[in-house]
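The values are calculated or read from the model by the stated rules, or taken from the named source; none is laboratory data. Computed from a predicted model, the values in this text were never measured in an experiment. Cβ atoms come from the backbone with ideal geometry, glycine included; neighbour counts cover every protein chain shown. Note: accessible area is taken over every heavy atom of the protein model, side chains too, but ligands, DNA and RNA are not part of it. Shrake-Rupley method; radii C 1.70, N 1.55, O 1.52, S 1.80 Å.
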Amino acid sequence: MYKLLTPRELEDLPDLVWLIKGILPKPCMAVVYGDPGCGKTFLALSIALATASGRDWLGRTTLQGPVLYIAAEGVLGLKSRVAADSIKYGQVTDAIRFLPGAPNLLEVGDLKKLVNSIEVANFQPDLIVIDTLARVTTGADENNAKDMGRAVEAMGWLQTTFGASVLVLHHKTKGGGSERGSSALRGAADVMIECEQKEASEGQAIQLKCSKMKDDEQFETIAALMEKVELAGGRSSLVVGHEVELLSETDTNAKGQILAILKLDFAQTGATHGDLKKAFLARDYGSASTFDRGLRIFKESREVRVAGEGKGKKYYPIDVSVSSVSD
(Lines give C-alpha, C1' and ligand atoms only; values in the text may rest on other atoms or scores of the structure.)
Protein backbone atom coordinates (compact mmCIF):
# COMPACT_ATOMS: atom_id res chain seq x y z
CA MET A 1 0.00 0.00 0.00
CA TYR A 2 1.14 3.54 -0.76
CA LYS A 3 0.40 6.29 1.75
CA LEU A 4 -1.32 9.34 0.32
CA LEU A 5 -0.49 12.59 2.13
CA THR A 6 -2.95 15.37 2.91
CA PRO A 7 -1.78 19.00 2.66
CA ARG A 8 -1.55 19.08 6.48
CA GLU A 9 0.60 15.93 6.53
CA LEU A 10 2.80 17.47 3.83
CA GLU A 11 3.32 20.52 6.07
CA ASP A 12 4.36 18.25 8.93
CA LEU A 13 7.22 16.71 6.94
CA PRO A 14 10.66 17.69 8.30
CA ASP A 15 12.43 20.73 6.89
CA LEU A 16 15.53 20.44 4.72
CA VAL A 17 18.64 19.62 6.78
CA TRP A 18 22.05 20.94 5.71
CA LEU A 19 25.44 19.31 6.25
CA ILE A 20 26.90 22.59 5.00
CA LYS A 21 24.43 25.47 5.05
CA GLY A 22 23.22 26.29 1.56
CA ILE A 23 25.74 23.96 -0.08
CA LEU A 24 25.19 20.32 0.83
CA PRO A 25 21.85 18.93 2.08
CA LYS A 26 21.49 15.74 4.13
CA PRO A 27 20.79 13.28 2.73
CA CYS A 28 21.55 13.92 -0.93
CA MET A 29 23.60 12.82 -3.90
CA ALA A 30 25.99 15.56 -4.95
CA VAL A 31 28.39 15.65 -7.89
CA VAL A 32 31.48 17.85 -8.06
CA TYR A 33 32.89 17.90 -11.60
CA GLY A 34 35.86 19.61 -13.20
CA ASP A 35 39.02 19.21 -15.24
CA PRO A 36 41.91 17.08 -13.93
CA GLY A 37 44.03 19.12 -11.53
CA CYS A 38 41.38 21.79 -10.92
CA GLY A 39 41.31 21.13 -7.16
CA LYS A 40 38.39 18.70 -6.82
CA THR A 41 40.17 16.48 -4.28
CA PHE A 42 41.33 19.47 -2.22
CA LEU A 43 37.73 20.70 -2.21
CA ALA A 44 36.21 17.33 -1.26
CA LEU A 45 38.77 16.75 1.48
CA SER A 46 38.13 20.23 2.85
CA ILE A 47 34.38 19.54 2.99
CA ALA A 48 34.99 16.12 4.55
CA LEU A 49 37.31 17.38 7.30
CA ALA A 50 35.11 20.38 8.10
CA THR A 51 32.04 18.14 8.39
CA ALA A 52 33.86 15.60 10.56
CA SER A 53 35.07 18.31 12.95
CA GLY A 54 31.94 20.48 12.81
CA ARG A 55 33.92 23.62 12.01
CA ASP A 56 32.57 26.29 9.69
CA TRP A 57 33.37 25.84 6.02
CA LEU A 58 34.04 29.08 4.11
CA GLY A 59 32.02 30.91 6.73
CA ARG A 60 29.06 28.54 6.47
CA THR A 61 27.85 26.44 9.39
CA THR A 62 28.23 22.68 9.24
CA LEU A 63 26.36 19.83 10.87
CA GLN A 64 29.04 17.74 12.54
CA GLY A 65 28.97 14.06 11.65
CA PRO A 66 31.15 11.06 10.76
CA VAL A 67 32.64 10.99 7.26
CA LEU A 68 33.87 8.14 5.05
CA TYR A 69 36.34 9.15 2.34
CA ILE A 70 36.74 6.52 -0.41
CA ALA A 71 40.19 7.30 -1.81
CA ALA A 72 39.81 5.30 -5.00
CA GLU A 73 42.60 7.22 -6.75
CA GLY A 74 45.10 6.46 -3.97
CA VAL A 75 45.34 7.26 -0.30
CA LEU A 76 49.04 8.20 -0.05
CA GLY A 77 48.48 11.56 -1.71
CA LEU A 78 46.05 12.48 1.05
CA LYS A 79 48.68 12.15 3.79
CA SER A 80 50.28 15.55 3.16
CA ARG A 81 46.94 17.21 2.52
CA VAL A 82 45.46 16.03 5.81
CA ALA A 83 48.65 17.10 7.62
CA ALA A 84 48.38 20.55 6.04
CA ASP A 85 44.74 20.84 7.10
CA SER A 86 45.74 19.93 10.65
CA ILE A 87 48.31 22.72 10.71
CA LYS A 88 45.89 25.25 9.24
CA TYR A 89 42.74 24.36 11.17
CA GLY A 90 43.78 22.22 14.14
CA GLN A 91 44.09 18.51 14.84
CA VAL A 92 42.04 16.26 12.58
CA THR A 93 39.19 14.50 14.34
CA ASP A 94 38.77 10.71 14.48
CA ALA A 95 35.27 11.17 13.08
CA ILE A 96 36.66 10.63 9.58
CA ARG A 97 37.75 7.32 8.03
CA PHE A 98 39.63 6.72 4.78
CA LEU A 99 39.10 3.69 2.54
CA PRO A 100 42.35 3.05 0.60
CA GLY A 101 40.89 1.24 -2.36
CA ALA A 102 38.45 1.24 -5.23
CA PRO A 103 35.43 -1.00 -4.67
CA ASN A 104 33.49 -1.51 -7.88
CA LEU A 105 30.02 -0.18 -7.14
CA LEU A 106 28.65 -1.98 -10.19
CA GLU A 107 29.49 -5.33 -8.61
CA VAL A 108 26.92 -6.37 -6.01
CA GLY A 109 29.56 -8.34 -4.11
CA ASP A 110 31.86 -5.32 -3.83
CA LEU A 111 29.00 -3.07 -2.78
CA LYS A 112 27.87 -5.48 -0.06
CA LYS A 113 31.48 -5.89 1.11
CA LEU A 114 31.78 -2.10 1.40
CA VAL A 115 28.58 -1.79 3.44
CA ASN A 116 29.61 -4.71 5.63
CA SER A 117 33.05 -3.19 6.26
CA ILE A 118 31.46 0.05 7.41
CA GLU A 119 29.04 -1.77 9.68
CA VAL A 120 31.75 -4.04 11.16
CA ALA A 121 33.77 -0.90 11.98
CA ASN A 122 30.69 0.32 13.87
CA PHE A 123 30.85 3.48 11.78
CA GLN A 124 27.75 5.42 10.75
CA PRO A 125 28.75 8.04 8.16
CA ASP A 126 26.70 11.16 7.55
CA LEU A 127 28.82 11.93 4.49
CA ILE A 128 30.42 9.51 2.02
CA VAL A 129 32.94 11.00 -0.42
CA ILE A 130 33.78 9.01 -3.57
CA ASP A 131 37.01 10.09 -5.29
CA THR A 132 36.39 9.47 -8.22
CA LEU A 133 33.35 8.05 -10.03
CA ALA A 134 35.45 6.54 -12.83
CA ARG A 135 37.56 4.53 -10.36
CA VAL A 136 34.56 2.90 -8.65
CA THR A 137 32.71 2.00 -11.87
CA THR A 138 35.34 -0.11 -13.60
CA GLY A 139 34.06 -1.53 -16.88
CA ALA A 140 31.20 0.93 -17.19
CA ASP A 141 30.52 3.01 -20.28
CA GLU A 142 30.02 6.53 -18.93
CA ASN A 143 28.03 7.46 -22.02
CA ASN A 144 25.62 4.59 -21.51
CA ALA A 145 22.52 5.59 -19.55
CA LYS A 146 22.05 2.03 -18.31
CA ASP A 147 25.56 1.80 -16.87
CA MET A 148 25.31 5.22 -15.24
CA GLY A 149 21.89 4.25 -13.92
CA ARG A 150 23.48 1.27 -12.17
CA ALA A 151 26.11 3.57 -10.63
CA VAL A 152 23.41 5.96 -9.46
CA GLU A 153 21.46 3.06 -7.97
CA ALA A 154 24.54 1.90 -6.04
CA MET A 155 25.18 5.37 -4.63
CA GLY A 156 21.49 5.61 -3.77
CA TRP A 157 21.79 2.38 -1.83
CA LEU A 158 24.67 3.82 0.21
CA GLN A 159 22.65 6.99 0.79
CA THR A 160 19.60 5.04 1.97
CA THR A 161 21.50 2.46 4.04
CA PHE A 162 23.28 5.08 6.13
CA GLY A 163 21.00 8.10 5.73
CA ALA A 164 24.08 9.86 4.39
CA SER A 165 24.92 12.41 1.75
CA VAL A 166 27.05 10.96 -1.06
CA LEU A 167 29.52 13.37 -2.65
CA VAL A 168 31.09 11.98 -5.82
CA LEU A 169 33.91 13.54 -7.84
CA HIS A 170 33.71 13.39 -11.61
CA HIS A 171 35.46 14.81 -14.68
CA LYS A 172 34.40 17.30 -17.32
CA THR A 173 34.14 16.52 -21.00
CA LYS A 174 37.27 17.21 -23.04
CA GLY A 175 35.58 20.26 -24.49
CA GLY A 176 34.72 21.47 -20.98
CA GLY A 177 31.50 23.02 -19.79
CA SER A 178 29.67 19.96 -18.54
CA GLU A 179 30.28 16.68 -16.76
CA ARG A 180 31.47 13.67 -18.73
CA GLY A 181 29.10 10.90 -19.79
CA SER A 182 25.38 10.21 -19.74
CA SER A 183 22.88 12.77 -18.50
CA ALA A 184 21.50 10.04 -16.22
CA LEU A 185 23.96 11.19 -13.56
CA ARG A 186 22.78 14.80 -13.63
CA GLY A 187 19.17 13.71 -13.77
CA ALA A 188 19.53 11.70 -10.55
CA ALA A 189 21.75 14.15 -8.65
CA ASP A 190 20.34 16.52 -6.05
CA VAL A 191 23.32 18.88 -6.31
CA MET A 192 25.73 19.59 -9.17
CA ILE A 193 28.81 21.75 -8.56
CA GLU A 194 31.29 22.79 -11.25
CA CYS A 195 34.86 23.23 -9.99
CA GLU A 196 37.39 25.37 -11.88
CA GLN A 197 40.86 26.72 -11.18
CA LYS A 198 40.97 30.52 -11.25
CA GLU A 199 43.24 33.46 -10.48
CA ALA A 200 42.48 35.59 -7.42
CA SER A 201 44.10 38.74 -6.09
CA GLU A 202 45.93 36.66 -3.47
CA GLY A 203 46.96 33.74 -5.71
CA GLN A 204 45.49 30.54 -7.12
CA ALA A 205 41.87 29.82 -6.23
CA ILE A 206 39.10 27.38 -6.98
CA GLN A 207 35.72 28.54 -8.18
CA LEU A 208 32.56 26.62 -7.30
CA LYS A 209 29.49 27.19 -9.45
CA CYS A 210 26.21 25.47 -8.59
CA SER A 211 24.42 24.20 -11.70
CA LYS A 212 21.71 22.24 -9.88
CA MET A 213 20.14 22.37 -6.41
CA LYS A 214 17.06 20.19 -6.45
CA ASP A 215 15.34 21.23 -3.22
CA ASP A 216 16.49 24.82 -2.70
CA GLU A 217 17.94 27.84 -4.48
CA GLN A 218 21.29 27.42 -6.19
CA PHE A 219 24.05 29.04 -4.15
CA GLU A 220 25.93 31.97 -5.63
CA THR A 221 29.32 31.28 -7.17
CA ILE A 222 32.07 30.87 -4.57
CA ALA A 223 35.83 31.34 -4.95
CA ALA A 224 38.26 30.05 -2.30
CA LEU A 225 41.98 30.64 -2.04
CA MET A 226 44.32 27.64 -2.29
CA GLU A 227 46.77 28.32 0.53
CA LYS A 228 50.24 26.79 0.72
CA VAL A 229 51.13 25.17 4.05
CA GLU A 230 54.71 24.24 4.93
CA LEU A 231 55.18 20.72 6.32
CA ALA A 232 58.01 18.94 8.10
CA GLY A 233 60.98 17.84 6.03
CA GLY A 234 60.75 20.73 3.60
CA ARG A 235 57.50 19.49 2.10
CA SER A 236 54.38 21.54 1.52
CA SER A 237 50.76 21.10 0.52
CA LEU A 238 47.73 23.18 -0.31
CA VAL A 239 44.53 23.63 1.66
CA VAL A 240 41.27 25.37 0.86
CA GLY A 241 41.49 28.71 2.64
CA HIS A 242 39.14 31.68 2.84
CA GLU A 243 36.78 33.14 0.26
CA VAL A 244 38.38 35.56 -2.18
CA GLU A 245 37.45 37.74 -5.12
CA LEU A 246 38.61 36.52 -8.49
CA LEU A 247 40.69 38.72 -10.74
CA SER A 248 38.95 40.43 -13.60
CA GLU A 249 39.46 39.46 -17.21
CA THR A 250 41.42 42.69 -17.63
CA ASP A 251 43.92 41.62 -14.96
CA THR A 252 44.45 38.15 -16.42
CA ASN A 253 44.80 39.67 -19.90
CA ALA A 254 47.49 42.00 -18.54
CA LYS A 255 49.43 39.01 -17.22
CA GLY A 256 49.36 37.44 -20.69
CA GLN A 257 50.45 40.68 -22.32
CA ILE A 258 53.40 41.05 -19.93
CA LEU A 259 54.44 37.46 -20.62
CA ALA A 260 54.20 38.09 -24.37
CA ILE A 261 56.42 41.18 -24.00
CA LEU A 262 58.98 39.12 -22.09
CA LYS A 263 59.10 36.43 -24.76
CA LEU A 264 59.14 38.80 -27.74
CA ASP A 265 61.46 41.56 -26.49
CA PHE A 266 63.56 40.09 -23.68
CA ALA A 267 63.78 36.33 -24.16
CA GLN A 268 67.58 36.35 -24.28
CA THR A 269 68.48 39.38 -22.19
CA GLY A 270 65.84 39.10 -19.49
CA ALA A 271 63.76 42.02 -18.25
CA THR A 272 63.59 44.00 -15.03
CA HIS A 273 60.36 45.27 -13.51
CA GLY A 274 61.08 48.66 -15.09
CA ASP A 275 61.75 47.16 -18.54
CA LEU A 276 58.43 45.35 -18.57
CA LYS A 277 56.44 48.32 -17.28
CA LYS A 278 57.95 50.68 -19.83
CA ALA A 279 57.15 48.27 -22.70
CA PHE A 280 53.62 47.61 -21.39
CA LEU A 281 52.76 51.32 -21.19
CA ALA A 282 54.43 52.04 -24.56
CA ARG A 283 52.15 49.51 -26.22
CA ASP A 284 49.16 51.22 -24.58
CA TYR A 285 47.98 47.91 -23.10
CA GLY A 286 46.59 49.63 -20.03
CA SER A 287 47.30 51.83 -17.03
CA ALA A 288 50.15 51.53 -14.53
CA SER A 289 47.75 50.02 -11.98
CA THR A 290 46.60 47.41 -14.53
CA PHE A 291 50.26 46.55 -15.15
CA ASP A 292 50.89 46.20 -11.41
CA ARG A 293 47.99 43.78 -10.98
CA GLY A 294 49.00 41.78 -14.04
CA LEU A 295 52.63 41.68 -12.88
CA ARG A 296 51.68 40.06 -9.59
CA ILE A 297 50.06 37.16 -11.44
CA PHE A 298 52.96 37.13 -13.91
CA LYS A 299 55.52 36.72 -11.11
CA GLU A 300 53.66 33.70 -9.74
CA SER A 301 53.42 32.09 -13.17
CA ARG A 302 55.19 28.79 -13.75
CA GLU A 303 56.11 30.17 -17.17
CA VAL A 304 58.64 32.56 -15.62
CA ARG A 305 62.01 32.14 -13.92
CA VAL A 306 63.90 34.76 -11.88
CA ALA A 307 67.60 35.57 -11.80
CA GLY A 308 69.29 37.97 -9.39
CA GLU A 309 67.94 40.00 -6.49
CA GLY A 310 66.80 43.49 -5.67
CA LYS A 311 66.46 46.12 -8.38
CA GLY A 312 68.68 44.10 -10.71
CA LYS A 313 66.38 41.08 -10.60
CA LYS A 314 65.43 39.89 -14.06
CA TYR A 315 62.66 37.70 -15.42
CA TYR A 316 63.13 35.10 -18.17
CA PRO A 317 60.68 32.85 -19.98
CA ILE A 318 60.74 29.42 -18.34
CA ASP A 319 61.98 27.74 -21.53
CA VAL A 320 65.12 29.91 -21.63
CA SER A 321 68.03 28.82 -19.44
CA VAL A 322 69.39 31.55 -17.18
CA SER A 323 72.92 30.13 -17.40
CA SER A 324 72.84 30.14 -21.21
CA VAL A 325 71.98 33.82 -21.41
CA SER A 326 74.45 34.90 -18.75
CA ASP A 327 77.57 33.21 -20.20
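Scanning the range 19-37 for residues that are in a strand (DSSP E or B) and open to solvent by 40 Å² or more (accessible area, probe 1.4 Å) yields one hit, 26.
Look at (1) more than 34 Å from the chain's Cα centre (by Cα); (2) open to solvent by 10 Å² or more (accessible area, probe 1.4 Å); (3) not acidic (Asp, Glu) and you find that residue 260 fails only one, number (1). Out of all the residues in the range 52-73, which are in a helix (DSSP H, G or I) and over 18 Å from residue 130 (Cβ atoms)? The answer is 53, and nothing else.
What residue, of 161, 138, 93, is open to solvent by 30 Å² or more (accessible area, probe 1.4 Å) and not in a loop (DSSP other than H, G, I, E, B)? Reasoning before the result, please.
Working: 138 fails: not in a loop (DSSP other than H, G, I, E, B); 93 fails: not in a loop (DSSP other than H, G, I, E, B).
Going through 161, 138, 93 in turn, the sole match is 161.
Screening the candidates 235, 186 for the property of being in contact with an Asp or Glu (Cβ under 9 Å, 6 or more places away or on another chain) and open to solvent by 10 Å² or more (accessible area, probe 1.4 Å) yields one hit, 186. Scanning the range 38-53 for residues that are more than 15 Å from the chain's Cα centre (by Cα) and open to solvent by less than 30 Å² (accessible area, probe 1.4 Å) returns 51, 52.
Residue-wise test of (1) outside any helix (DSSP H, G or I); (2) at pLDDT below 90.
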site: 237; (1), (2): yes, no
site: 255; (1), (2): no, yes
site: 285; (1), (2): yes, no
site: 291; (1), (2): no, no
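Here the condition is being assigned to a helix (DSSP H, G or I), within 23 Å of residue 193 (Cα to Cα) and at pLDDT below 95; of 49, 78, it holds for 78 alone.
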